[in-house]
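Structure, as structure tokens:
The values are calculated or read from the model by the stated rules, or taken from the named source; none is laboratory data. Nothing here was measured: the structure is a model prediction, and the numbers come from that model. In this analysis, Cβ positions are derived from the backbone assuming ideal geometry, glycine residues included, and neighbour counts consider all displayed protein chains. For the accessible areas, the whole protein counts, side chains as well, though only heavy atoms, and no ligand, DNA or RNA atoms are used. Shrake-Rupley method; radii C 1.70, N 1.55, O 1.52, S 1.80 Å.
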Amino acid sequence: MTPELITFGQYLAGEFENQRQAQAEPVWYVHLRLWLRPLPLFREDSIALFAEQASIINLDQPYRPRLWRLMRSESAGLEVRHYMFNDLKSVQGAGKNPDILRKISLEDLTFLPTCTLAVQVHTLADHQYQFIAQPQPEQRCQFTYEGTTYQVSLGFEVMNHSLKTYDKGLDPGTGKGIWGALLGPYQYEKKRDFSAELEV
């Protein structure tokens, strides 16, 4: 657990909204809430975050649950490993319900080896950082769930109180974007800080 890794987790742990962006460009950007909540897995060498999001008008119907594992890479840099939940419905709503989070175990997860992001760390003024997570070169993030194959393009940038996400769903046949950040990143601001929940 290096200081950079801990800071990375602290920046990400929280509840985010893109309210300003959605108000400025309502045709292109839905108003979303995104949860990145710490959970007690991989504690020996990593920080685990449960990720989930919902439209602000349907907060009781969150979607895209996944697990981000923040850790040191073999090259001594940082990386983000993505895991899929084997039963999506069993963890739905865990972003705002810690009782569900506490029931999640390693047996509920499947590692997605082609969906690992490499992280660049930029030092800013006054001990602030910018973390940029991008796909590995030539890597295609692809997985199968309930018989259907999905392909996504992942990536994000985070600073102390702001987060940009570049996630896009791609057509596995053509590689063209079909949902997500098709016109540029979703731009979130941190509304609640969950960094106190980190066990580091």
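Annotations
- Hey, VAL121 aliphatic (A, V, I, L, M) and surrounded by 18 or more Cβ atoms within 10 Å (Cβ to Cβ) or not: no
- Lone unmet requirement of (1) farther than 22 Å from LEU34 by Cα; (2) more than 18 Å from the chain's Cα centre (by Cα); (3) not small (Gly, Ala, Ser) for GLN120: (2)
- Elements of the type strands (runs of 3 or more DSSP E) sitting completely within segment 66-164 and holding at least 3 residues that are closer than 23 Å to ILE56 by Cβ: these cover 156-158.
- Residue that is surrounded by the most Cβ atoms within 10 Å (Cβ to Cβ) [pool: residues in segment 156-200 that are more than 16 Å from TRP35 (Cα to Cα) and of a type in the set (Gly, Ala, Ser)]: ALA181
- Yes/no for GLN92 being in contact with a Pro (Cβ under 7 Å, 6 or more places away or on another chain) and open to solvent by 20 Å² or more (accessible area, probe 1.4 Å): yes
- Total residues in segment 79-97, condition within 24 Å of ILE132 (Cα to Cα) and over 15 Å from the mean Cα position of the chain (by Cα): 0
- The lone exception for GLN139 - which of (1) modelled with pLDDT of 90 or more; (2) open to solvent by 40 Å² or more (accessible area, probe 1.4 Å); (3) of a type in the set (S, T, N, Q) it fails: (1)
- Set side by side, the residues ILE100, ILE132 differ, and just one is over 17 Å from the mean Cα position of the chain (by Cα), under 25 Å from ARG33 (Cα atoms) and hydrophobic (A, V, I, L, M, F, W, C), which is ILE100.
- Which numbered condition GLY173 misses (of (1) part of a strand (DSSP E or B); (2) out of contact with any Lys or Arg (no Cβ under 9 Å at 6 or more places or on another chain); (3) of a type outside the set (Asp, Glu)): (1)
- Yes/no for ARG102 being open to solvent by 20 Å² or more (accessible area, probe 1.4 Å), touching a Leu at 6+ places or on another chain (Cβ under 8 Å) and under 19 Å from ALA13 (Cα atoms): yes
- Of all the residues in segment 152-168, those that are more than 14 Å from the chain's Cα centre (by Cα) and modelled with pLDDT under 90 number 0.
- Residue in segment 63-71 that is farther than 20 Å from TRP179 by Cα, touching a Leu at 6+ places or on another chain (Cβ under 7 Å), without any contact (Cβ under 8 Å) to a residue 24 or more places away in the chain and surrounded by 14 or more Cβ atoms within 10 Å (Cβ to Cβ) present: no
- Residues that are in contact (Cβ under 8 Å) with a residue 60 or more places away in the chain, surrounded by fewer than 20 Cβ atoms within 10 Å (Cβ to Cβ), of a type outside the set (Phe, Trp, Tyr) and in contact with a helix residue (DSSP H, G or I) (Cβ under 7 Å, 6 or more places away or on another chain) occur at least once in segment 72-87.
- Summed over segment 181-200, the residues that are touching a residue at least 24 places away in the same chain (Cβ under 8 Å) and either assigned to a helix (DSSP H, G or I) or not aromatic (Phe, Trp, Tyr) (or both) give a count of 13.
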